[in-house]
Amino acid sequence: MVKDSRPRAGSLAYYPRARASRIVPKVKYWPPYEGDPKPLGFLGYKAGHLTAYFIDTTPNSPTQGQEVARVATVVAAPPMLVAGVVAYAEENNSLRELTRVWSKNVPEDVRRKIPTWRPNEDEGLKKLEQVKDSVAEVRILGMAFPKLAGLSKKKPDLLEIKVGGDPVKALEFAVSKLGEELRIGDVFKPGDFVDVIAVTKGKGFAGVVKRFGVKVLPRKKRKGRRVVGAIGGRTPGYVPYTVPRPGQLGYHRRTEFNKRVLLVEEDGSKLTPKGGFPHFGVIKTECVLLEGTVPGTPKRPIVLRAPAKPPQPMEAPEVLYAGIPA
């Protein structure tokens, strides 16, 4: 008889297991991109899961060309406002900010999010013209409005999004979009792969059995059962970091790679099940349907980024039906 086994629950690859510093995750890496300038990311809000029926286009798959059913995630993606432009220069193999331009076309309630916000579009564009020869990377300041997605949150969310392509053309593109709307269809299309960056569901303070999956000790154990039997030997004279210890579980910033975009829908109500998504409701804006699951709870900000490790390109799948809750 084969003994039941399972992998260790707490991987040391994710140390330290600390709480995320912010609910809108910061993008630490932007992949290289060649081609016409375009933003390499977008900010949305998780709505819920569906069962999507589509024609499988995976090359050499046993189900290639057949109808398959997969769990899919709906992410509400209301239009973002390009509230600013940031220009960076390269210095000592790192980025140094040259100038930051804030648009005049920003709602007044933005002051709730940025109390020190002051538009400097006119003088900022002049300075940008002076330093354009030193620009190595251009990013736009995307401003997402949760209330457009049906959330009760009033304060907008800010995200720096890199503009891919040649820095000179990227700067021209960013300046032309300053103060205008950016839609999900301008960044991603069906069939693209994206990386999902989000904060996972928080589970609070947890013990070693739930946090790392260690074995529950025998009944006759004197000093507890749901504990580590020994935390180390006499040498070294400290507790190694590899020993499972109780602490924070969940609410971690995580990145999941290569989620395929199945559908970009302008009318989110078409993908909303009867009665709305649990804990979210009816999607009243644009949305995107991703194959698989994504981290976090409903209403949580989700950053969609161009893939850092892109797989072989695949044609867009033909979605036949999506609407049954998974």
Taking segment 138-266, the whole-percent share of alpha-carbon pairs separated by over 24 angstrom is 58 percent
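Over the Cα atoms of the chain, Rg to Rh with Kirkwood Rh, two decimal places?
Numbers: Rg = 23.2 Å, Rh = 22.4 Å.
Rg/Rh for the chain comes to 1.04.
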In degrees rounded to 10, the 0-90 angle between helix 121-130 Cα long axis and the longest Cα principal axis of the chain is 90 degrees
Comparing ALA47, ALA308, ALA230 in a Gaussian network model of the chain (Cα, 10 Å), the one with the largest mean-square fluctuation is ALA230
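In percent, how large is the relative contact order of the chain, given Cα pairs closer than 8 Å and 6 or more residues apart? Don't skip to the end; give the middle numbers.
Working: 734 pairs, mean separation 97.3, N = 326.
Reported as a whole number, the value is 30 percent.
So if each residue of separation counts as 0.36 nm, and I subtract the Cα-Cα distance between PHE257 and LYS147, what length gain in nm does that give? Please report the intermediate quantities before stating the final value.
Details: separation 110, 0.36 × 110 = 39.60 nm, distance 2.81 nm.
Full extension from PHE257 to LYS147 adds 36.8 nm.
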Per GNM of the chain with C-alpha springs under 10 angstrom, the most fluctuating residue out of VAL138, VAL228, VAL85 is VAL228
For the chain, whose charge dipole is built from +1 on Lys and Arg Cβ atoms and -1 on Asp and Glu Cβ atoms, the candidate among PHE173, TYR33, VAL110 with its Cα farthest towards the positive end is VAL110
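Ranked highest first by average number of other Cβ atoms within 10 Å, how do 38-46, 151-159, 280-288 line up? The partial results should precede the final answer.
Details: 38-46: 24.3, 151-159: 15.7, 280-288: 20.9.
The packing order, highest mean first, is 38-46, 280-288, 151-159.
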In terms of the alpha carbon gyration tensor, root eigenvalues a ≥ b ≥ c, rounded if a/c is under 1.5 and otherwise prolate when a/b exceeds b/c or oblate, segment 1-158 is prolate
One computes Rg over Rh for segment 79-182 from alpha-carbon atoms, with the Kirkwood Rh, and obtains 0.99
Expected vector for segment 266-277, Karplus 3J(HN,Hα) from phi with 6.51, -1.76, 1.60 and θ = phi - 60°, integer Hz, x for Gly and Pro, equals 6, 10, x, 5, 5, 9, 7, x, 4, x, x, 6
When the chain is treated as a Gaussian network with springs between alpha carbons less than 10 Å apart, the largest mean-square fluctuation among PRO78, PRO313, PRO295 is found at PRO313
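Just to confirm a number: summing +1 for Lys and Arg and -1 for Asp and Glu over residues other than ARG70 whose beta-carbon lies under 11 angstrom from that of ARG70, what do you get?
Values: positive: ARG260; negative: ASP56, GLU67, GLU291.
Net charge in that neighbourhood comes out at -2.
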Once phi for every residue in segment 46-61 is put through the Karplus expression 6.51 cos²θ - 1.76 cosθ + 1.60 (θ = phi - 60°), the whole-Hz ³J(HN,Hα) values, with Gly and Pro written as x, are 5, 9, x, 10, 9, 9, 9, 10, 8, 7, 6, 10, 6, x, 6, 7
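Rounding to the nearest 20 debye, state how big the charge dipole of the chain is about its Cα centre with +1 on each Lys and Arg Cβ and -1 on each Asp and Glu Cβ.
3520 debye
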Nearest 10, in degrees from 0 to 90: the angle of helix 167-177 to the longest Cα principal axis of the chain is 80 degrees
The alpha-carbon center of segment 255-317 and that of segment 134-212 are separated, in whole Å, by 14 Å
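Coordinate-derived values only; no laboratory data. Here the structure is a predicted model, which is why all the values come from computation and not from measurement. All Cβ positions, even for glycine, are placed from backbone atoms using ideal geometry, and neighbour counts span all protein chains on display.
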